[in-house]
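To start, the structure under review is shown below, and the notes come after it.
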Amino acid sequence: MTKELETKELEELYALAQEELKGTGERLTVWAGGDAVNQQDAVAEAFRTRFPEVPIDIKVELSKIHDVKIYEELLNGDLTPDVTMLQTSNDFEDWKKLGVLEAFKPVGFEQIRDEFKDKDGEFSAFRMFAFLPQYAKSGLDEVPESLMDMLKSNYQDKLILTYPHDDDAVLYVYDEMLKRHGESFLEELAKLNPVFIRGTAGPPLLVGKHGYLGNLTGYETAPSQPSQSFIPKSDFFISWGQRIAMFKLTKHKAAARLFLAFVQSLEFQESLGHYTVRKDIELSETWIGDHATTNPFGFYEFMRDRKHIGELRKLMQSYFGPVYGDSPVVDHRMIKLTYGGE
């Protein structure tokens, strides 16, 4: 029954969105946090296929860049994005306190896990993300089972990593490792002389190529990749629900509600498999947040402590040096890499 009611709601919202945009030449604008320009292509394509008469533009940029721009535009009273979905979960809590978010509870809202959403409907989550360690399928005599297994001498000069002081989700992993192993984790890692680059999209694509044997915070790999991701048996890996909201200043509110309802619907969430944020989907594999070595809600708490995050960034820089390079969404080498280039 829920799916039938959701379908009915989507059709009603679709009609309203078409009426709202008709003859304006405008489009639904979504600002999405990410570090590769194509990271939301699948979401955009799913929306366009389902609602072809509602043009959509999803702009991917680092969350910490998007949120600053949103704050500036809110202050000026003229907002570009109709919807935003960002890694910086603390922003949504701050925006709620400021009273700038527009509440909306689609039909399936009650099926979103409670820890991911605001009870008043001012923000929610649209999908899970997770960073998993990965190793090259060739070049190693021993398959790692933990992050600490990847701090051995055979990884000397052969780790390709994301700067932890440039991405708070990666930083959270390092913070959890510090809690478990102390600064010896950083000391041993620094001794291996890892290569650091900006963004989480690049390293997963490079493991198994150019001599790189491992990455501590990658994505779940496909069978065709020359590397293999894994759930660590002991050490921590991060999983979290990416938050999403619309604003009181949103220009295209009908289209925004359509997008929010769609990405939280059973129809869309079923396509996410174990990365769903809903609790009413029967999975054939373990929900990513149910593994013993992750905490799918801990990242929110971590993001609230900005003082601790600032201290951690300084600590990471003391071990690994300052962050170098352009943003990965404008770095032509990274763009080429994410589209299948070398």
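The values are calculated or read from the model by the stated rules, or taken from the named source; none is laboratory data. The structure displayed is predicted, hence computed values, not measured ones. All Cβ positions, glycine included, derive from the backbone under ideal geometry; neighbour counts span all protein chains shown.
Would you say A130 is in contact with a Phe, Trp or Tyr (Cβ under 9 Å, 6 or more places away or on another chain) and either assigned to a helix (DSSP H, G or I) or within 17 Å of R257 (Cβ to Cβ) (or both)? Reasoning before the result, please.
Working: in contact with a Phe, Trp or Tyr (Cβ under 9 Å, 6 or more places away or on another chain): yes; either assigned to a helix (DSSP H, G or I) or within 17 Å of R257 (Cβ to Cβ) (or both): no.
The answer is no for A130.
All but one of (1) loosely packed, with under 14 Cβ neighbours inside 10 Å; (2) touching a helix residue (DSSP H, G or I) at 6+ places or on another chain (Cβ under 9 Å); (3) closer than 22 Å to F129 by Cβ hold for I309; state the number of the condition that does not hold.
Failing condition for I309: (1).
List every residue pair whose Cβ atoms lie under 8 Å apart, where the two residues are 6 or more positions apart in sequence or sit on different chains, the first residue falls within the stretch 311-324 and is outside the structural domain of V195 (by TED's automatic domain parsing), and the second residue, located anywhere, is surrounded by 17 or more Cβ atoms within 10 Å (Cβ to Cβ) and at pLDDT below 95.
No pair meets every condition.
Under 6 Å between Cβ atoms, which residue pairs at least 6 apart in sequence (or on different chains) link something in the stretch 293-307 that is among the hydrophobic types (A, V, I, L, M, F, W, C) with a partner that is assigned to a helix (DSSP H, G or I)?
Listed by first residue and then by second, the contacts come to F297/E115; F299/Y172; F302/Y172; M303/S89; M303/N90.
Scan the stretch 255-277 residue by residue and report those that are assigned to a helix (DSSP H, G or I) and crowded, with 21+ Cβ neighbours inside 10 Å.
In the first step, residues of the stretch 255-277 are kept if they are assigned to a helix (DSSP H, G or I); the result is 255-263, 266-275.
Result: A255, A256, R257, L258, F259, L260, A261, F262, V263, F268, Q269.
Scan (1) more than 20 Å from F302 (Cα to Cα); (2) free of Cβ contacts under 8 Å to residues at least 24 places away in the same chain for the single condition R198 breaks and write down its number.
Just one mismatch for R198, condition (2).
Identify, by number, the condition in (1) farther than 24 Å from K97 by Cβ; (2) surrounded by 16 or more Cβ atoms within 10 Å (Cβ to Cβ); (3) in the same structural domain as I197 (by TED's automatic domain parsing); (4) of a type outside the set (A, V, I, L, M, F, W, C) that H332 doesn't meet.
It is condition (2) that H332 fails.
If you check every pair at least six apart or on different chains, which have Cβ atoms under 7 Å apart with a residue in the stretch 142-159 that is under 20 Å from L206 (Cα atoms) first and a residue that is polar (S, T, N, Q) and surrounded by 15 or more Cβ atoms within 10 Å (Cβ to Cβ) second?
From the stretch 142-159, the pairs are L159/N215.
Based on what the data block shows, is E122 surrounded by 19 or more Cβ atoms within 10 Å (Cβ to Cβ), in contact (Cβ under 8 Å) with a residue 60 or more places away in the chain and assigned to a loop (DSSP other than H, G, I, E, B)? Spell out how you get there, then give the answer.
On the way: surrounded by 19 or more Cβ atoms within 10 Å (Cβ to Cβ): yes; in contact (Cβ under 8 Å) with a residue 60 or more places away in the chain: yes; assigned to a loop (DSSP other than H, G, I, E, B): yes.
Answer is yes for this residue.
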